[in-house]
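Please read the structure below before turning to the comments.
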Amino acid sequence: MLSPRVAGQAAQQRPGEFYTIATLGSHSALQILKGARDEGFRTLAIANDDTANLYRSFAFVDEVIQIPKYEDFPQIMRDLEQRKLIIVPHGSFVAYLSLDEHKKMRTPYFGNKAVLDWEASRELQRQWLQRAGLKLPRQFKTGAEIDRPVIVKFYGAQGGKGYLFLKDAHDFEEKAALLARRNYILQEYIIGVPLYIHYFYSPLTGKLEIMSMDRRYETNVDSIGRIPAVAQSVMDVSPSYVVVGNSPVSLRESMLAEAYRMGEEVVRVSREICPPKGLFGAFCLETIITPEAEFYLMEISARIVAGTNLFIDGSPYSYLNYDEPMSTGRRIAREIKNALLSNSLELVLDDSGLN
Ligand code: AMP
Ligand code: AMP
């Protein structure tokens, strides 16, 4: 395989002529590939039978490889390894590939795969965020311990699908049959405003940026408030948390410093748990903010999240750092380009791709 250092030297002037940026056609692929094209790279979408025509319809997509379904992606890995390309992962890589398949990819990969283990395990993720000094919702080991409303999160659930709201221990008993023989965690239900903060950490400059923020629109939890409480009580309606879209948010400026600090702490601890590189590139802290203006951490996503799709043309925050539209997808391509130009591509790629 190509040595990124050698390729970096060759590509010093016009990196895009030498490298293709590739990703799975889903989630935030349009943003990633548009950003790659804006930074001068060639672009490749790996699409399935349903999505190939869509990706072909965009002028900034140079090439589409069509596979029957995304789960077939490992079968084309060998071919991709022969090419000068860099994979930029997003949520669909996590959704459609196993952890093992993900790690076995030998193609140059933007990001640090060592972080995947810490992200995939709810226990390790909790340790990581706790070590960073962030506030986490309480967790209960058994139903009998529940002393406040909880959310039941099943393992492997995607995008909040199947989560349950339980108001107390009695509610838990009633749902026992539903919960039997399944793996889940019982987490304190935090009432507040959900805020997803999108960050970018540059291993080249050592600087953290807040790129943008969103809140999700989830069905039906975000529409229950439209039904009068009296009617709800006779309807026996329970909340569900299936994400259907995202809306932009700008944070009260006095809370911005805390949002930035949380990002810094998460990056700092990531270097201790996944040395030496830790977490770099795009990531997202999924928070709920209480009336006391405290951020509770629900989760961390260690890569670009789909909420950044709101900001393909840049966000109010990215505008403060750049005088041009800077999406998270474009910021990733810019980092790869800067790495090529400074002959330090290895700093932005997973180490397992570097041989
Ligand atoms: P997809 O390829 O759209 O099925 O999405 C892959 C993963 O990303 C799933 O876990 C989705 O729940 C998540 N996802 C997709 N779109 C969004 C979105 N707009 N906001 C938050 N999560 C999303
Ligand atoms: P997650 O899978 O952690 O991204 O959660 C999906 C959705 O479930 C979030 O967007 C929230 O609406 C909701 N949620 C998750 N954890 C909590 C919590 N501890 N308290 C209240 N709502 C939560």
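The values are calculated or read from the model by the stated rules, or taken from the named source; none is laboratory data. Keep in mind that this is a model prediction, so the values were computed, not measured. Don't worry about glycine lacking a Cβ; one is built from the backbone with ideal geometry, like all the others, and counts go over all protein chains shown.
Are there any pairs, at least 6 apart or on different chains, whose C-beta atoms fall under 6 Å, with the first in the stretch 56-85 and farther than 15 Å from E101 by Cα and of a type in the set (S, T, Y) and the second modelled with pLDDT under 95 and within 16 Å of ligand 1 (Cβ to nearest atom), and if so, which?
none
Regarding the stretch 189-202, can at least one residue be identified that is among the polar types (S, T, N, Q) and within 14 Å of ligand 2 (Cβ to nearest atom)?
No, the stretch 189-202 has no match at all.
I need the full set of residues from the stretch 173-204 which are of a type in the set (F, W, Y) and closer than 26 Å to R268 by Cβ, in order please.
Y196, Y199, F200, Y201
For A293, only one of the following conditions fails: (1) part of a loop (DSSP other than H, G, I, E, B); (2) among the hydrophobic types (A, V, I, L, M, F, W, C); (3) within 16 Å of ligand 2 (Cβ to nearest atom). What is its number?
Result: A293 fails condition (3) only.
For the stretch 32-44, indicate whether the set of residues that are within 16 Å of ligand 1 (Cβ to nearest atom), assigned to a helix (DSSP H, G or I) and closer than 27 Å to E346 by Cβ is non-empty.
yes
State all residues of the stretch 235-249 that are under 22 Å from K161 (Cβ atoms) and either in contact with a strand residue (DSSP E or B) (Cβ under 7 Å, 6 or more places away or on another chain) or in a helix (DSSP H, G or I) (or both); if no residue qualifies, say none.
Matches in the stretch 235-249: M235, S238, P239, S240, Y241, V242, V243, V244, G245, N246, S247.
Mind counting the residues in the stretch 208-234 that are out of contact with any strand residue (DSSP E or B) (no Cβ under 9 Å at 6 or more places or on another chain), of a type in the set (S, T, N, Q) and surrounded by 15 or more Cβ atoms within 10 Å (Cβ to Cβ)?
0
How about the stretch 177-236: which of its residues are under 30 Å from Y322 (Cα atoms) and of a type in the set (S, T, Y)?
Across the stretch 177-236, the qualifying residues are Y196, Y199, Y201, S202, T205, S212, Y217.
Residues of the stretch 190-207 being over 23 Å from A169 (Cβ atoms) and surrounded by 18 or more Cβ atoms within 10 Å (Cβ to Cβ), which ones?
Within the stretch 190-207, P194, L195, Y196, I197, H198, Y199, F200, Y201, S202, P203 qualify.
Hey, can you tell me all the residues within the stretch 96-121 that are within 28 Å of F18 (Cβ to Cβ) and of a type in the set (F, W, Y)?
Y109, F110, listed by residue number.
Out of E174, E119, E81, which single residue is acidic (D, E) and within 15 Å of ligand 2 (Cβ to nearest atom)?
That would be E119, the only listed residue that is acidic (D, E) and within 15 Å of ligand 2 (Cβ to nearest atom).
Of the residues S202, S212, S223, only one is away from ligand 1 (no atom under 16 Å from the Cβ) and under 27 Å from E292 (Cα atoms); which?
It is S223.
Which is modelled with pLDDT under 95, outside the structural domain of E335 (by TED's automatic domain parsing) and touching a Pro at 6+ places or on another chain (Cβ under 8 Å), of K153, K175, K167?
Going through K153, K175, K167 in turn, just one is modelled with pLDDT under 95, outside the structural domain of E335 (by TED's automatic domain parsing) and touching a Pro at 6+ places or on another chain (Cβ under 8 Å): K167.
Please count how many residues of the stretch 235-251 are surrounded by fewer than 16 Cβ atoms within 10 Å (Cβ to Cβ) and either without any contact (Cβ under 8 Å) to a residue 12 or more places away in the chain or of a type in the set (S, T, N, Q) (or both).
So the count comes out to 5.
For the stretch 284-325, what are the residues that are in contact (Cβ under 8 Å) with a residue 24 or more places away in the chain and among the acidic types (D, E)?
E286, E294, E299
Condition (residue is assigned by TED's automatic domain parsing to the domain that holds A302 and away from ligand 1 (no atom under 16 Å from the Cβ)) applied to the stretch 87-99: is it met by at least one residue?
No - not one qualifying residue is present in the stretch 87-99.
From (1) outside the structural domain of G25 (by TED's automatic domain parsing); (2) in contact with a Pro (Cβ under 7 Å, 6 or more places away or on another chain); (3) of a type in the set (S, T, Y), pick out the condition that doesn't hold for S238.
Condition (2) is where S238 drops out.
Would you mind telling me which numbered condition in (1) without any contact (Cβ under 8 Å) to a residue 24 or more places away in the chain; (2) within 16 Å of ligand 2 (Cβ to nearest atom); (3) not small (G, A, S) K135 fails?
With respect to (1) without any contact (Cβ under 8 Å) to a residue 24 or more places away in the chain; (2) within 16 Å of ligand 2 (Cβ to nearest atom); (3) not small (G, A, S), K135 is out only on (1).
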